[in-house]
Amino acid sequence: ARKIDCITLKTGCYIDQQKFDAAEETLTVGLSDSSLSKKEQVLLFYESGLLYEAWGRFADALSSYQVVADNDSSFRDVAAKVAELTEIVNNEGATSNDRVSYL
């Protein structure tokens, strides 16, 4: 549990400093630890969602939150996050295809 606390704290600090690459690397290394329990993996995927959301990578955030929801649909506010980001990602796709280029 202490290892997970350290990873989430370190990640949060990097996000606050907008060092998104460092935060992503910290989470990737953490998730590659085969000794993690399913519950710990779910927590790190949730943290990944928070990272990608702060970074503006909404499709990646949605993917991370979906892993959480698939394993524990009542985890924190993950159901709301999935719903919100599904709408954002769907709207991003629609708006990028509907843009008119004047070039």
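The values are calculated or read from the model by the stated rules, or taken from the named source; none is laboratory data. Values in this document were obtained by computation on a predicted structure and should not be read as measured data. No Cβ is skipped: glycine too gets one built from the backbone with ideal geometry, and neighbour counts run over all protein chains shown.
Residues that are assigned to a helix (DSSP H, G or I) and of a type in the set (Ser, Thr, Tyr) were ranked within segment 1-48; the one that is surrounded by the fewest Cβ atoms within 10 Å (Cβ to Cβ) is THR28. The residue of segment 55-91 that is surrounded by the fewest Cβ atoms within 10 Å (Cβ to Cβ), among those that are among the hydroxyl-bearing types (Ser, Thr, Tyr) and outside any helix (DSSP H, G or I), is SER74.
A search for C-beta distances below 8 Å between a residue of segment 70-88 that is more than 15 Å from LYS38 (Cβ to Cβ) and any residue that is modelled with pLDDT of 95 or more and loosely packed, with under 12 Cβ neighbours inside 10 Å, counting only pairs 6+ apart in sequence or on different chains, returns ALA79/SER73.
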